[in-house]
Amino acid sequence: MSEHRPSADMQSRRIEQHPLLGKLAEADQVDITVDGQPLTAREGEPIAAALMANGIDICRAMPDSGESRGVFCGVGRCSDCLMTVDGLLNVRTCVTAVADGMRVETQHGLGYWEDGQP
Amino acid sequence: MSGPDRVRDYVCRCEEIPRSAVQQAIQEGNVTLNDIKRRTRAGMGVCQGIFCLRSVAEMIEAEAGVSADSLEPMTARPPARLVTLGSLAALNPEE
Amino acid sequence: MKTVDVAVVGAGPAGIAAARAAAESGAQTVLLDENARIGGQLRWRISLALEHTGGFDIPAGPGPDISGELEHQLAAVDNLTIETSTVAWGLFAGNVLGISTEDAAAELQARSIVLATGSTDIVSPFPGWTLPGVMTARAAQIFMHVHRVLPGRAWVILGDGEEAAELEADLERSGVDVIARCADPDQIRASGTNRLAHVEIGDAVYEADSLAIALGRQPDAELAFQANAAGAFVRDLGGYTVNRDDSGQTSEESVYVAGDAAGIATFDELIAEGRVVGLAAAGAPDVEIATARQALTAAGSQRRSNAISQLRLQAVSS
Ligand code: FES
């Protein structure tokens, strides 16, 4: 999905330094793929945070309208950040941590199981 | 895909219910939150109405003159969060 | 089914205070939270946390590990078990909670249940509010402060109350621009093809990649309503609110609510009220509860206590 490729001029969106919170702590790297594209995440962070840090703001396309949605509530309540993760549908990416080798995919509509059944 | 200027004026995000559908339901005489939910599906989504209940109440107040303060909340049903069916299947439903 | 004396749902300021009070008075207590770390709103409302962590004896200053400090303090409390990454999604007859971890569900029965489930951001629909880039103030705070990621660089804030001011200060600390603020949801319109690109406020058009809805917070006691607890809409408490007696008990016996979930409160009120409710839920001696109640009256705002009285009257008349 081209909409997922971070644009070349995108500055990092990581907040490395913060006047109250200090320097961002070191974290181990985790490799995931998003719609087939490789991407590096910080161990323990939610999938949506890893995506956002890499310039990806779109998680799903809605069933009725096909319109894009991204993080809205950030706390697992709204369902706008649902994606397909390792073949599992409807994963709330704002509250689900990344794991090494994870396959994250934009969810279209209600999504499809991997055997092709809706 | 939607065009750039398409106006997306939903009241209920989860179920993609437009403002016009809720207005129409109120005009048809649905003036409680549960009636609106049954008629339009607004509030039936994953958020259980937490992000639209208030707006629907305010619309009922504006369109039908029923004070939002006197409206009963939507019936709340479990689960309060999106939990996987697999994990729930392990439970004994009799309990 | 596992059974405990007191189960507290939500490990924010009120839930922590309740769980600690209950455990210290001798009740076997479980404190549940859906997040991986405890602290609730203290984790993302960092200006609040830094002003008020005195209530929890957390050293102030840059870079405090709020969750770590709270975990450390609670580790010293007897009779208390903390279960993080655990969602309480149902409350059934007989004081049974339906709970889930990432891969398993279980039931937990408690003699008393304290719901300290906090608040949810108030939102108001406007054209384009479903576009990626439009989010709640809380989402913006969580991504910046907990996950340390900037959702965007050019921001519009919808709202003109305390939450809007708090978020504006938070965004500035993260080094990004707030290009406009709008008080009225009826005056704002968002547009863009696949994500937010423009925000119209009245006749003015701004190029923006992010729009935060900061219209305030509403009590979130959904589990109490699942258990059929009575409530009403009270504007000064933030919205639909569950009705409670002086000990925080709802119309359903042994189901208590504490903190923002029972009406938006100040930090000092959250702590003081959590303590009252925790002691009552644990069946502590009346004198102890009375002392805690005095502390709550001292910490409490007139506005909230008036609103709570109004709620009781409304509940009686309906
Ligand atoms: S952003 Fe709302 S559920 Fe993830």
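The values are calculated or read from the model by the stated rules, or taken from the named source; none is laboratory data. These numbers were taken from a predicted model, which means no experiment stands behind them. No Cβ is skipped: glycine too gets one built from the backbone with ideal geometry, and neighbour counts run over all protein chains shown. Calculation scope for accessible area: heavy atoms of the full protein, side chains included, ligands and nucleic acids excluded. Shrake-Rupley method; radii C 1.70, N 1.55, O 1.52, S 1.80 Å.
On average, how many beta carbons from a partner chain sit within 10 Å of the beta carbon of a residue in B:43-50?
Rounded to a whole number, the mean comes out at 5.
Within 10 Å of each candidate Cβ there may be at most 11 other Cβ atoms; applying that plus a DSSP loop requirement, which GluC sites (Glu not before Pro) in the stretch C:226-318 survive?
C:253
Can you list the residues, at least 5 places off or on another chain, whose amide H is less than 5 Å from the amide H of residue C:240, using H built in the peptide plane?
C:234
Name the long-range amide H neighbours of residue C:114: under 5 Å, sequence gap of 5 or more, or other chain; modelled H, no Pro or chain starts.
For residue C:114, the qualifying residues are C:7, C:8, C:9, C:256.
Rounded to the nearest 500 deg cm²/dmol, what is the calculated helix-only ellipticity per residue at 222 nm for chain C, with -39500 (n - 2.57) per DSSP H run of length n ≥ 4?
Result for chain C: -9500 deg cm²/dmol, rounded to the nearest 500.
Would you please put B:48-55, B:8-15 in order of how densely packed they are, using the mean number of other Cβ atoms within 10 angstrom per residue and starting with the highest?
My ranking of the peptides, most packed first, is B:48-55, B:8-15.
Over both sides of the C-A contact, add up the buried accessible area with a 1.4 Å probe and give it to the nearest 100 Å².
2900
Would you work out what percent of the accessible area of the protein assembly as shown, with all protein chains in place, is carbon or sulfur (probe 1.4 Å)?
Taking all protein chains in place, the protein assembly as shown shows 48 percent carbon and sulfur surface.
Once the dipole of chain C is set up with Lys and Arg at +1 and Asp and Glu at -1 on Cβ about the Cα centre, which of C:230, C:132, C:248 lies farthest towards its positive end?
Positive-most Cα among the choices belongs to C:230.
Counting only other chains, what is the mean number of Cβ atoms within 10 angstrom of the Cβ of each residue in peptide A:38-45?
1
Name the residues whose placed amide hydrogens come within less than 5 Å of the amide hydrogen of residue C:231, ignoring near sequence neighbours (fewer than 5 apart) on the same chain.
C:243
Which chymotrypsin sites (Phe, Trp or Tyr not before Pro) from the stretch A:9-118 combine a DSSP loop assignment with at most 13 other Cβ atoms within 10 Å?
Those that pass, being in a loop and sparsely packed, are A:113.
What does the buried accessible surface come to for B and A, summed over both chains, with the probe at 1.4 Å? Round to 100 Å².
1500
In Å and whole numbers, how far do the C-alpha atoms of the stretch C:123-213 stretch along each principal axis, longest first?
Principal-axis extents of the stretch C:123-213 (Cα, largest first): 33, 29, 20 Å.
Probe of 1.4 angstrom, ligands and nucleic acids ignored: what's the accessible area per residue over the stretch A:27-108, in square angstrom?
I get 31 Å² per residue for this part.
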